[in-house]
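> Just dropping this structure here.
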Amino acid sequence: MTLTATQPHKIYLAGEWVDSPDLLPIDNPADPAAPVGATYNATPEQVEQAVQAAVAAFEETRHLPVYERARALREISAGIKARREELGRILSLEAGKPIRDALVEVDRAVFTFRLAAEECERMVGEVMPLDLLASSKGRVGITRRFPAGPVLGISPFNFPLNLAAHKIAPAIAAGCSILLKPASKDPLTMLTVTEIIDSVGLPAGAVSVLPMTRELGDRLVGDDRFKVLTFTGSPAVGWRMKERAGRKKVVLELGGNAAVILDRTTDVDWAVKRILVGGFSYAGQSCISVQRVFVHESIAASVRDRLVAGVATLKVGDPLDPTTDVGPMVEPGAAERTARWVKEAVELGGRVLAGGHADGTFFEPTVLEHVPPQASVCTNEVFAPLVVLFTFSDFDDAIRQVNDSAFGLQTGVFTNDLAHAWRAFNELEVGGVVVNDISSYRIDHMPYGGVKDSGLSREGLRWSIEDMTERRHHLDHPGGGVLGPDPRRPGVRRAVAHPGRPEQPAAGPATAPGCARRGRRAAAGRPTGDPPPALRPRRDRRRRVRTPSQDAQRRLRPPGASCRAPSCWSPWPPDSRPRSSSRRRGTWWRRPRSLPCSTDRSCWAARPRPAPP
């Protein structure tokens, strides 16, 4: 794709590239005077067409075999990898992300789609014994996950590729169709990836990627044709969406004011090095960016000095420069808003140790201390390159201060005390505790999400697939036909019914063995003269077993034999039955001709019995 303002990128509607009358220019956050490119906002009619296509496509995607879903996901992953440099440059230009970080995000998207293919192939069910009570004797159950339905995905501007991938990839893996609304500030990266998605042969309507106005997006949130809503963004917007979502399943990955704790046993050099990454990468525009730092008083001075010295080495500037550490802020007015919050913190008694000033869309990496907990830079999500230092003397007090927040996404705990690590894991009210690393650590297959105002449910491929599927139970009753006895043949169990085979006809006068004539009479309305089924004697169609006396009456004894005693017709033991000189009569075996008759069975007892074949 060529990034020029005169060639807008078309949008992807149910397998077709279309334009619209509503042009959407894309600015460069680092240089607003130099636009990156343009695309289109979808019209209400196009959005409705995409919804209808997603509903229709779901009837195909839900039956798409696993190997086809996995193939498509692997081809998307390979396509992203092949266009890594191109995608990294587009992402850096439109999102203002330093090129090093942009290429890392592309690599993560490659991993996300590949992992989705693997999770798709190991989406297994469960066998459950149900006979925990006598009334459930013989019962067994199995569970399996089925696609929930069309998915509405809304992705944010701070990770325009990988967070969108965390919505599209699990939807494809689960067998759902999806309509994605990318962020209006930087949709070009995802539209370029959609060119790859379009080439893998998914059903038309399985994926649509449509930038649109917030009003249209809000209208889709309440549309009951979608069965799942997955949203990543600000807490205020996310919780309002949940109120309007109706009966659909809702997944919210929202923000936070993430904290790290530095215990007295902390490796200070390692902790400071990681805080410089977690607090200032991508200008702090991450929901798990380090914002609050709680330091044990015994190492507070050392941490403060090293952190301020490290901040001074960070380079702020052009995102395309490989040496840039901190780029611009994407949201218009975000730098000025952060400057106001810093000013408020100072007025409340806080102290600026580094930075604190805005320069257009850029904001200096900032370190504050002595800020009261009620200040905006402590209670709200700053979403800026800013950290606030606090001290503590007791580890439990540090945990209490971290929990004193409306948010609970992730927390980093630097400690070499195993007891403190476990206490933090047990007591911190967050979605994840990262021991000896920063709160902003994440790998894409882990369950990621928060508690309190930070979100609902979990992202991560396996958990996202579970959110986009419904668990269904298959329960077998021993008398219900699948595993139960055949009412026409007591003591005989039916064959197991298999999907796709016609069911066996129910037992009755017209279908029972030997009842064809009675069935015709019943169909003609004539009386059959049959007794009620419960009183009708069972007709045994198996070979009738003859007794020795019956065989004797039919003169089946060997010629010349004088013995008439039935004792000669003893059962031949199953493990010593002769193969050649015997003839079966039910479960009885006739005496071989070579053996003389004896009424006392001495001939059977004296002679050695033949070995089994």
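> When both residues are 6+ apart or on different chains and their Cβ atoms are under 6 Å apart, which pairs have a first residue that lies in the stretch 24-35 and is without any contact (Cβ under 8 Å) to a residue 24 or more places away in the chain, and a second that is small (Gly, Ala, Ser)?
25/38
> While we're on this one: Within the stretch 203-233, which residues are more than 24 Å from the chain's Cα centre (by Cα) and acidic (Asp, Glu)?
Correct list: 215, 218.
> Let me ask you something else. Quick check on the stretch 134-173: of everything there that is modelled with pLDDT under 95 and not in a strand (DSSP E or B), which residue is most open to solvent (accessible area, probe 1.4 Å)?
137
> Is it true that some residue in the stretch 229-239 is buried (at least 20 other Cβ atoms within 10 Å of the Cβ), among the small types (Gly, Ala, Ser) and touching a residue at least 12 places away in the same chain (Cβ under 8 Å)? Before the answer, list the steps.
So in the stretch 229-239, the residues buried (at least 20 other Cβ atoms within 10 Å of the Cβ) come out as 229-233, 235, 238.
Those left that are additionally among the small types (Gly, Ala, Ser): 233, 238.
Remaining after also requiring touching a residue at least 12 places away in the same chain (Cβ under 8 Å): 233, 238.
Yes, because at least one residue in the stretch 229-239 is buried (at least 20 other Cβ atoms within 10 Å of the Cβ), among the small types (Gly, Ala, Ser) and touching a residue at least 12 places away in the same chain (Cβ under 8 Å).
> If you don't mind, there's one more thing I want to ask. Step by step: first the residues of the stretch 216-265, then only those that are outside any helix (DSSP H, G or I) and among the β-branched types (Val, Ile, Thr), then the one that is farthest from residue 291 (Cα to Cα). Which residue is that? Show your work before the answer.
Taking the stretch 216-265 as the starting set, the residues that turn out to be outside any helix (DSSP H, G or I) are 222-234, 245-265.
Restricting the remaining residues to those that are among the β-branched types (Val, Ile, Thr) gives 228, 230, 232, 250-251, 260-261, 265.
Details: 228: 32, 230: 26, 232: 19, 250: 27, 251: 24, 260: 8, 261: 11, 265: 21 Å.
The residue in question is 228.
> Turning to a different aspect of this structure: What number goes with the only condition from (1) touching a residue at least 24 places away in the same chain (Cβ under 8 Å); (2) assigned to a loop (DSSP other than H, G, I, E, B) that residue 443 does not pass?
The one condition residue 443 does not meet is (1).
Each row is one residue, and each column tells you yes or no for (1) over 38 Å from the mean Cα position of the chain (by Cα); (2) surrounded by 16 or more Cβ atoms within 10 Å (Cβ to Cβ).
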position: 321; (1), (2): no, no
position: 324; (1), (2): no, yes
position: 338; (1), (2): no, yes
position: 344; (1), (2): yes, no
position: 347; (1), (2): yes, no
position: 357; (1), (2): yes, no
position: 364; (1), (2): yes, yes
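> Let me ask something else. Give the number of residues within the stretch 374-405 that are in contact with an Asp or Glu (Cβ under 7 Å, 6 or more places away or on another chain) and open to solvent by 50 Å² or more (accessible area, probe 1.4 Å).
Residues flagged as in contact with an Asp or Glu (Cβ under 7 Å, 6 or more places away or on another chain) and open to solvent by 50 Å² or more (accessible area, probe 1.4 Å) within the stretch 374-405 amount to 2.
> Looking at 24, 13, 93 in this structure, which one is within 27 Å of the chain's Cα centre (by Cα), modelled with pLDDT of 95 or more, surrounded by 19 or more Cβ atoms within 10 Å (Cβ to Cβ) and closer than 23 Å to residue 212 by Cβ?
After ruling out the rest, the residue left standing is 13.
> I've got another one for you. I want to confirm something. Restricting to the stretch 217-228 and keeping residues that are under 17 Å from residue 47 (Cβ atoms) and not basic (Lys, Arg), which single residue is most open to solvent (accessible area, probe 1.4 Å)? Write out each step before concluding.
To start, the set of residues in the stretch 217-228 that are under 17 Å from residue 47 (Cβ atoms) comprises 217-226.
Within this subset, residues satisfying the condition of being not basic (Lys, Arg) are 217-218, 220-224, 226.
Numbers: 217: 4, 218: 57, 220: 10, 221: 0, 222: 40, 223: 28, 224: 76, 226: 3 Å².
Of everything passing the filter in the stretch 217-228, 224 is most open to solvent (accessible area, probe 1.4 Å).
> Looking at the structure I just gave you, is residue 289 closer than 16 Å to residue 182 by Cα, buried (at least 24 other Cβ atoms within 10 Å of the Cβ) and modelled with pLDDT of 95 or more?
Details: closer than 16 Å to residue 182 by Cα: no; buried (at least 24 other Cβ atoms within 10 Å of the Cβ): yes; modelled with pLDDT of 95 or more: yes.
Judged against the criteria, residue 289 is not a match.
> Follow-up. What pairs come up if the first residue lies in the stretch 84-103 and is closer than 17 Å to residue 35 by Cα and of a type in the set (S, T, N, Q), the second is open to solvent by less than 10 Å² (accessible area, probe 1.4 Å) and at pLDDT 95 or above, and their beta carbons are under 6 Å apart, counting only those six or more places apart or on different chains?
92/102; 92/319
> Oh, and also: Collect the residues in the stretch 162-202 that are among the charged types (D, E, K, R) and within 15 Å of the chain's Cα centre (by Cα), keeping them in residue-number order.
Here is the first cut: in the stretch 162-202, the ones among the charged types (D, E, K, R) are 167, 181, 185-186, 195, 198.
Selection gives 167 alone.
> Consider the stretch 192-216. How many of its residues are small (Gly, Ala, Ser) and either at pLDDT below 95 or crowded, with 22+ Cβ neighbours inside 10 Å (or both)? I'd like the intermediate steps shown before the answer.
Let us first name the residues in the stretch 192-216 that are small (Gly, Ala, Ser), namely 199, 201, 204-206, 208.
Checking which are either at pLDDT below 95 or crowded, with 22+ Cβ neighbours inside 10 Å (or both) leaves us with 205-206, 208.
Residues that pass the stated criteria total 3.
The values are calculated or read from the model by the stated rules, or taken from the named source; none is laboratory data. Model, not experiment: these values are computed from the prediction. Heads up, the Cβs are rebuilt from the backbone with ideal geometry, glycines too, and the neighbour counts pull from every protein chain shown. Calculation scope for accessible area: heavy atoms of the full protein, side chains included, ligands and nucleic acids excluded. Shrake-Rupley method; radii C 1.70, N 1.55, O 1.52, S 1.80 Å.
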